[in-house]
Amino acid sequence: MSGTALIYDEEMSRYQLLWDDPVCAIEVPERLTRSYEAVKSAGLEKRCVPVSVREGTEEEILLYHSKEYLEQVKQTPSMSVEELKTFTQQFGDVYFHPNIYNCAKLAIGASLQLVDSVMKGKVRNGMALVRPPGHHSQRSAANGFCVFNNVAIAALYAKKHYNLNRVLIVDWDVHHGQGVQYCFEEDPSVLYFSWHRYEHKSFWPNLDESDYNTVGKGKGTGFNINVPWNKVGMTNSDYLSVFFHVLLPAAYEFDPELVLVSAGFDSAIGDPEGHMCATPEIFGHLTHLLMSLAKGKLCVVLEGGYNLTSLTQSVCQTMHTLLGDPTPLLSGIGSPCHSALESVVNVRAVHRKYWNFLKYAADPQILEPSTKRRRLENTAEENKEEENTEKEKEEKTEEKPEDIKWPEPLPRPAPPVQTVVASSTELESLPKGCQMLGKIPQKCIEEAEKIRKEHFQGLTDKTSSECFQHIVSILEKVQNKEVRNGMVVVPDVCASVRFAVQHALNSLSKRVLVVFVGDEDVQVDTGSGKVLLLQICSKEPGVVKSDYHVPVCLSKAGHSRASVMQALIGLLLPLAYEFSPDLVLQVLTSSSGLEMPVWAQVSSLLQGLAQGRTLALLQGCDKDMVGATCSSLSGSPAPILGPLGHPVDKDVEFIEKQRQRLEKKWGLLRNSFSESGTKNQDG
Ligand SMILES: [Zn+2]
């Protein structure tokens, strides 16, 4: 199933604040109209499947809200301005208008239309541009510009109508969606994740239960994950750190059947509420990282976002990714800041009891985070230098976030052809979006021959020469943006990798990422810093050459899915994002023992790098693996992995050993303050 739904109705812009209220003045109709116009003028709307909006029914509203509250809200269309003002006063940070009930019903209906379109297979994913937002509204209360809880109702509706047992809600709005938390805190079938500006409860909604140690209740214990931001100015690195070390491993272990996003973009740079520094491009990546879950079933529903420039840019970045456009390059990715890392450590510590992937997390809770200490004593005792620079950053961002300037995101054009495939052996039918590599230009033949003569004199057979020509030809097409990615079935995988790296560094690339799955000894020079070699293998290699050579030695026996995913999410992806390659080589050999669905996940997730510029090299793989690689390269979502089970103890130890070896050089690997050991301190 392919296709992306866009759901919007201008009617939802037809309400506004009717009296003076500085708190509510930022919630304006233009948030919605400008978002839609931006999507339209970027040419995204016409590529989407149009889905109409409908009104949410009373029955649907009552899935979460109380009858009394609904009856109250139903009275608002006939109220005078004075009556509306009085009515509003019983709630916090919200306003009513004669048309808001109508719009709130449309916002629910739009969210449910999106769920229906995705669950019925009409589209793979989509976005609902709605207003009013929903995630603060509670069973019997409007709150924080929200009237009805669109995403909570969407999850309840999906569970009811499609018999779903596991729904993941990712709330990347900068505020805590306490209304969603309250709805599902005792429900193990909905995993609710939220990060939010908190500053030790000094930021709205100032709740104890927004902190990291609120993990759900009763049967729902462990299924509520809160990541508090205890200072402002969080960056792309901080957001990625939380995805790699908290959300994604939990999400893969949870194995959702549907993913909903409470997509507030007040967590983007320039927002007067959030005061964060993450750029709009990050939402293109966060979206990508969620698209391999639940077989790509992803519903994005607008929540907050009050800087119209960063809001509309972020909406477009999200839409581009939903539509399958190449993800943008991110620069300057590295270690999370001290405060973000403290939050990551604390979330991991309190959730260790509930999640297999955290079984070996080493750190205890940090009961007195540095930000709290600073708040209390106002003196910097430790990390003086870091605190000073962070403080400066904080002061700068706290002055006037709306005055901050950032570069406009670059266009994200997709090459006309997604995937080309070359093979010296016959291949069966190719998936949609894939085509066979055509005639090889003379120039490429000469180039291949030149490199062969210089570096591979021993390989004179016709098959090797052909293979080298295929590699040169595909890499040229990728470089010229004629195709996005390619695959070559090769006779000699080690020679092919070395050849591809050589050719890429000669003319096309500054940084090549090689992800090699198999036991072969890959003789690629990693000393220059231009090549990062990540190898999933079952034999421990003799010599580890540099900080750019990362073998991940996992026990064989088909490789435990949990182990491979733990290595991929907690080690390989952070390394890859920080390295920021401009070309990715995905290499798979028959010796790998990797299962097809796991390889498909590896392949899909890696395509968020290098703007999707990927060459897959396969040796000796069966037709399922070749087919899965083609599918993944051509943009199909990876198959569901199912329950991951426990990672193998020995594997986790090895992964952790590598993480600790490398975290000084590669800061995005940091998820701990402890230098020693992987032992669970609780025994
Ligand atoms: Zn918000």
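Taking the listed residues TYR182, TYR192, the one that is under 30 Å from PRO272 (Cβ atoms) and within 16 Å of the ligand (Cβ to nearest atom) is TYR192, with no other qualifying. There is at least one residue in the stretch 334-344 that is closer than 27 Å to LEU583 by Cα, away from the ligand (no atom under 16 Å from the Cβ) and touching a Lys or Arg at 6+ places or on another chain (Cβ under 9 Å). Remark: ILE471 falls outside the filter, which requires a residue to be surrounded by fewer than 19 Cβ atoms within 10 Å (Cβ to Cβ), of a type in the set (Val, Ile, Thr) and modelled with pLDDT of 95 or more.
Looking only at residues of the stretch 247-287 that are assigned to a helix (DSSP H, G or I) and touching a strand residue (DSSP E or B) at 6+ places or on another chain (Cβ under 6 Å), we find that the one that is nearest to the ligand (Cβ to nearest atom) is LEU247.
Among the listed residues ASP20, ASP9, identify the single one that is of a type in the set (D, E, K, R) and over 34 Å from the mean Cα position of the chain (by Cα).
On the way: ASP9 fails: over 34 Å from the mean Cα position of the chain (by Cα).
When all the criteria are applied, what remains is ASP20.
State yes or no: is HIS175 assigned by TED's automatic domain parsing to the domain that holds ASN230, assigned to a loop (DSSP other than H, G, I, E, B), within 13 Å of the ligand (Cβ to nearest atom) and at pLDDT 95 or above? Taking the combined requirement at face value, the residue satisfies it. Filtered by the rule that a residue be open to solvent by 10 Å² or more (accessible area, probe 1.4 Å) and either in contact with a Phe, Trp or Tyr (Cβ under 8 Å, 6 or more places away or on another chain) or not in a helix (DSSP H, G or I) (or both), the stretch 304-316 gives TYR306, ASN307. Quick check: is even one residue across the stretch 485-493 in a helix (DSSP H, G or I), buried (at least 21 other Cβ atoms within 10 Å of the Cβ) and in contact with a Leu (Cβ under 7 Å, 6 or more places away or on another chain)? Yes, that holds for at least one residue. What is the number of the single condition among (1) at pLDDT 95 or above; (2) farther than 30 Å from ALA38 by Cβ; (3) assigned to a loop (DSSP other than H, G, I, E, B) that LEU410 does not meet? Result: LEU410 fails condition (2) only.
This table checks each residue for (1) modelled with pLDDT of 95 or more; (2) buried (at least 16 other Cβ atoms within 10 Å of the Cβ); (3) not polar (S, T, N, Q).
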| position | (1), (2), (3) |
| --- | --- |
| THR4 | yes, yes, no |
| ASP9 | yes, yes, yes |
| MET12 | yes, yes, yes |
| TYR15 | yes, yes, yes |
| CYS24 | yes, yes, yes |
| ARG31 | yes, yes, yes |
| SER35 | yes, yes, no |
| SER41 | yes, no, no |
| LEU44 | yes, yes, yes |
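Screening the stretch 291-312 for residues that are under 13 Å from the mean Cα position of the chain (by Cα) and of a type outside the set (Ser, Thr, Tyr) and picking the one that is nearest to the ligand (Cβ to nearest atom) gives VAL300. Looking across the stretch 144-172 at every residue that is within 12 Å of the ligand (Cβ to nearest atom) and at positive phi, the one that is surrounded by the most Cβ atoms within 10 Å (Cβ to Cβ) is identified as GLY144. Whether a residue is under 30 Å from ASN163 (Cα atoms), out of contact with any Asp or Glu (no Cβ under 9 Å at 6 or more places or on another chain) and buried (at least 21 other Cβ atoms within 10 Å of the Cβ) was assessed, and ALA263 does not pass this test. The residues in the stretch 89-133 that are closer than 24 Å to HIS320 by Cα and either outside the structural domain of GLY296 (by TED's automatic domain parsing) or within 16 Å of the ligand (Cβ to nearest atom) (or both) can be counted, and the count is 6. Of all residues in the stretch 313-333 being of a type in the set (Ser, Thr, Tyr) and away from the ligand (no atom under 16 Å from the Cβ), which is nearest to TYR8 (Cα to Cα)? Applying the filter and picking the extreme gives THR321.
What pairs can you find where one residue is in the stretch 224-250 and without any contact (Cβ under 8 Å) to a residue 60 or more places away in the chain, the other is of a type in the set (Ser, Thr, Tyr) and buried (at least 24 other Cβ atoms within 10 Å of the Cβ), and their Cβ atoms are less than 6 Å apart, with a gap of 6+ or different chains? Qualifying pairs under 6 Å: ASN224/TYR192. Test VAL497 against the stated conditions and say whether it is out of contact with any Cys (no Cβ under 7 Å at 6 or more places or on another chain), open to solvent by less than 70 Å² (accessible area, probe 1.4 Å), among the β-branched types (Val, Ile, Thr) and within 25 Å of SER331 (Cβ to Cβ). Judged against the criteria, VAL497 is not a match.
Would you be able to say whether some residue in the stretch 280-298 is in contact with a Gly (Cβ under 6 Å, 6 or more places away or on another chain), closer than 22 Å to LEU573 by Cβ and open to solvent by 10 Å² or more (accessible area, probe 1.4 Å)? Among the residues of the stretch 280-298, at least one is in contact with a Gly (Cβ under 6 Å, 6 or more places away or on another chain), closer than 22 Å to LEU573 by Cβ and open to solvent by 10 Å² or more (accessible area, probe 1.4 Å), which makes the answer yes. May I ask you to verify whether LYS481 is in contact (Cβ under 8 Å) with a residue 24 or more places away in the chain, open to solvent by 80 Å² or more (accessible area, probe 1.4 Å), in the same structural domain as CYS630 (by TED's automatic domain parsing) and not in a helix (DSSP H, G or I)? It is true that LYS481 is in contact (Cβ under 8 Å) with a residue 24 or more places away in the chain, open to solvent by 80 Å² or more (accessible area, probe 1.4 Å), in the same structural domain as CYS630 (by TED's automatic domain parsing) and not in a helix (DSSP H, G or I). Residues that are part of a loop (DSSP other than H, G, I, E, B) and among the basic types (Lys, Arg) were ranked within the stretch 189-218; the one that is least open to solvent (accessible area, probe 1.4 Å) is LYS201.
Per-residue answers, yes or no, for (1) touching a Phe, Trp or Tyr at 6+ places or on another chain (Cβ under 6 Å); (2) modelled with pLDDT of 95 or more; (3) over 22 Å from PHE654 (Cα atoms):
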residue	(1), (2), (3)
VAL587	yes, yes, no
MET596	no, no, yes
SER604	no, yes, yes
THR614	no, yes, yes
ASP624	no, no, yes
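The values are calculated or read from the model by the stated rules, or taken from the named source; none is laboratory data. All figures in this text were calculated on a predicted structure; none of them were measured in a lab. With ideal geometry, Cβ positions are generated from the backbone for all residues, glycine too; neighbour counts draw on all protein chains shown. Keep in mind that these areas ignore ligands, DNA and RNA; they rest on the heavy atoms of the full protein, side chains included. Shrake-Rupley method; radii C 1.70, N 1.55, O 1.52, S 1.80 Å.
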